[in-house]
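Right, one structure below, let's go through it.
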Amino acid sequence: MLTLSIADSQQRFHDAFAVLEQAIAERAFPGGSIAIVQRGQLVALQSFGRFTFDPNSPSVTNETIFDLASVSKVIATTTTAAILYERGKFGLDDCVADLAPQFGTNDIRRYDVTICQLLTHTSGLPAYVPLFERSSTRDELLAAAYATPLEADPGARTEYSDIGFMVLGDILERLAGEPLDQFCQREIFDPLGLEHTRFCPPAGWRDYIPPTRDERDFRHKIVQGEVNDENAWVMRGVAGHAGIFSTAADVADFAQCWLRGGSPILKPETVAEFTRQQTGTSRSLGWDRPTPPSSSGRYFSPQSFGHLGYTGTSLWIDPKREVAVVLLTNRTWPDAKNQAIKQVRPRFHDAVVESLEKP
C-alpha cells in the first residue's frame, strides 16, 4: 500500500487543487477525492467538497468511496482479461462466437468478432443501448446484450461500447469458472490490498458513499450505495462495464501495480501487451490512450493509458513520467446533466503535471 511521502502537498499542488475548488464553487460536481503517484510514492491524497450541494451534507474525506462507473472496465474487466490471457485461457484473436455461441446469429459478420476487438472497442457493437428498459433479470439483460446487432463491420471503426464489455465480462466469467466479483476479489483486490474496493458494497459502506443521482424515471429514488448504471443495476451490480466502488487511495494502489510492471498479479510482458497501442485503433487492450484533445490534458506522454467513468471519475497513468493521477467525483448529482467535468479534467491534469515538474 502506498503511503503519503510529503507533508506539503497542499502547497505543492495549490494550482491543481484550485481547479477542483473552483469547479465545486461553480457546481460542476459537489465533491471529489484525488490521489497522485510519482515514482512509486503517493505524493498527494486530498478531498474536496461535500456529498451533495446541500451545505449540511457530509464532507468528502479520503475515506469516501465513489462509484467508479466505467473505470471498472480497467480495474476489474481488463485486469481479469490480462490475468486469464497470461494463464492461457484465451487468445486475443479467439472468436467471440466460439467462446459464447449465442453471440453468433444470421449476421455472418459476428463470426469475425474477436476478444481483441471487444477489448479495443472495434467489434462493431453500438456504444450504448438501454437494455434495462426491456430486461428485468441479469439473464434477460445478458441475452439482450448478446443479441444486440452490429452497427459496423468488425474492425472498421472504434466505437466505445458498453455492450461489448458486458459480453466480455460474461465470457471472462465462463473462462474463470466463477462470477467476476469473486474472481476480482481473490485475484486483484486482495493481493493488492484494496480493502475499500469491490462490486456491490455492503450496507455498512453506504454512509461513506456519495449519492450519484436523484433518479426520477427508473428506480424512483436517490441512488446511493448501489451502482448508478441502470444496465449494471439489473445485472445485480456485477457487470463487465461498470459496478466497482473504491477510494482514491485504493485506485492509486491499483495504478501503481501497472506502473511497476504488474507485480504481484501480472507479468511485465502482459502489462506491456495490454498497454501498447493496438493496430487499427488509438486504444490499447481495455485502456484508452491520450488522443488530443484528451481528458489527460496536454502533458501526458504518448505512452500513457487511462480510463474515464460516467459518474465523473478518471485514472490516467504515464509510465514515462512514472506518474498516475486519480480523480473521483460524483458529477452526476443530481441529474447527470452537468458536463463541466469535460473541461475540469484536462485543466486539473495540466496543473498536476506542471506542479510535479516545477524545479
Worksheet item: Assigning unit charges at the beta carbon (Lys, Arg +1; Asp, Glu -1) and nothing else, what dipole magnitude in debye, to the nearest 20, does segment 49-321 show about its Cα centre?
Response: 580 debye
Item to complete: Could you please tell me the mean projected area of the C-alpha convex hull for segment 214-359, averaged over all directions and given in square nanometres to one decimal?
Response: 10.2 nm²
Discussion item. At 0.890 mPa s and 25 °C, plugging the Kirkwood radius over alpha-carbon pairs of segment 95-204 into Stokes-Einstein gives what diffusion coefficient in µm²/s?
Written reply: 163 µm²/s
Fill in: Label zone at Ala340 (point 7 Å along Cα-to-Cβ), backbone N below 12 Å, segment 1-41
19-31
Item to complete: Rank-order 350-357, 76-83 by packing density, defined as the average count of other C-beta atoms within 10 Å over each peptide's residues, highest first.
Response: 76-83, 350-357
Item to complete: Take the Cα gyration tensor of the chain, multiply each eigenvalue by 5, square-root it, and list the three semi-axes largest first, rounded to whole angstrom.
Response: 31, 24, 18
Practice prompt. Using θ = phi - 60° and the Karplus relation 6.51 cos²θ - 1.76 cosθ + 1.60, list the HN-Hα couplings for segment 293-307 in order, rounded to whole Hz, with x at every Gly or Pro.
Written response: x, 9, 5, 7, x, 8, 10, 5, 5, x, 7, 5, 8, x, 6
Discussion item. Could you order the peptides 139-147, 329-337, 93-101 from most to least packed, using the average number of other C-beta atoms within 10 Å per residue?
Written reply: 329-337, 139-147, 93-101
Worksheet, complete the sentence: Calculated from DSSP helices alone, with each H run of at least 4 adding -39500 (n - 2.57) and the total divided by the residues of the chain, [θ]222 nm to the nearest 500 comes to -8000 deg cm²/dmol
Worksheet entry | Label point distance in nm, Thr61-Gln10, each placed 7 Å from Cα along Cα→Cβ | 1.7 nm
Worksheet item: Can you give the FRET efficiency for Met1 and Ala143, using 1/(1 + (r/R0)^6), R0 = 45 Å, r = Cβ-Cβ distance, to the nearest 0.05?
Response: 0.65
Worksheet entry | For segment 289-311 versus segment 180-220, the gap between their alpha-carbon centres in whole angstrom | 25 Å
Practice prompt. Could you check the simple spin-label distance between Arg50 and Glu357, using points 7 Å along Cα→Cβ, in nm with one decimal?
Written response: 3.8 nm
Worksheet item: Along the charge dipole of segment 49-321, Cβ charges K/R +1 and D/E -1, which of Pro264, Thr158, Pro292 sits furthest on the positive end?
Response: Pro292
Worksheet item: Put +1 on the Cβ of every Lys and Arg and -1 on every Asp and Glu Cβ in segment 25-118; which of Thr61, Ala28, Gly91 then has its Cα farthest towards the positive end of the dipole?
Response: Thr61
Worksheet, complete the sentence: Quick note on Met1, Met235, ordering by fewest other C-beta atoms within 10 Å, gives Met1, Met235
Worksheet item: With each label point set 7 Å from Cα along the Cα-Cβ vector, what nm distance links Tyr128 and Cys200?
Response: 2.5 nm
Fill in: Estimated D of segment 37-165 in µm² per second, where Rh is the Kirkwood radius over Cα pairs and Stokes-Einstein applies at 10 °C, 1.306 mPa s
91 µm²/s
Fill in: Loop sites in segment 16-102: trypsin sites (Lys or Arg not before Pro), DSSP, at most 15 other Cβ within 10 Å
Arg27, Arg39, Arg87
Discussion item. As I understand it, the dipole of the chain uses +1 on the Cβ of Lys and Arg and -1 on the Cβ of Asp and Glu, about the Cα centre. Which of Pro126, Val323, Ala239 lies farthest toward its positive end?
Written reply: Val323
Worksheet item: Can you name the helices of the chain, as whole DSSP H runs, whose Cα span along the helix axis is 15 Å or more and whose Kyte-Doolittle mean is not below 1.0?
Response: 162-176
Worksheet item: For segment 287-330, which trypsin sites (Lys or Arg not before Pro) are both in a DSSP coil and crowded by at most 10 other Cβ atoms within 10 Å?
Response: Lys320
Worksheet item: Can you work out the FRET efficiency for the pair Asp94 and Asp214, with r the C-beta to C-beta distance and R0 = 25 Å, to the nearest 0.05?
Response: 0.05
Discussion item. Going Cα to Cα from Lys89, which lysines come in below 22 Å? Please leave out same-chain ones fewer than 8 positions away.
Written reply: Lys73, Lys267
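None of the figures in this text is laboratory data; all of them are computed from the coordinates on show. Every value quoted in this text rests on a predicted model; they were computed, and no experiment measured them. Please note: Cβ atoms are built from the backbone with ideal geometry, for glycine as well, and neighbour counts cover all protein chains shown.
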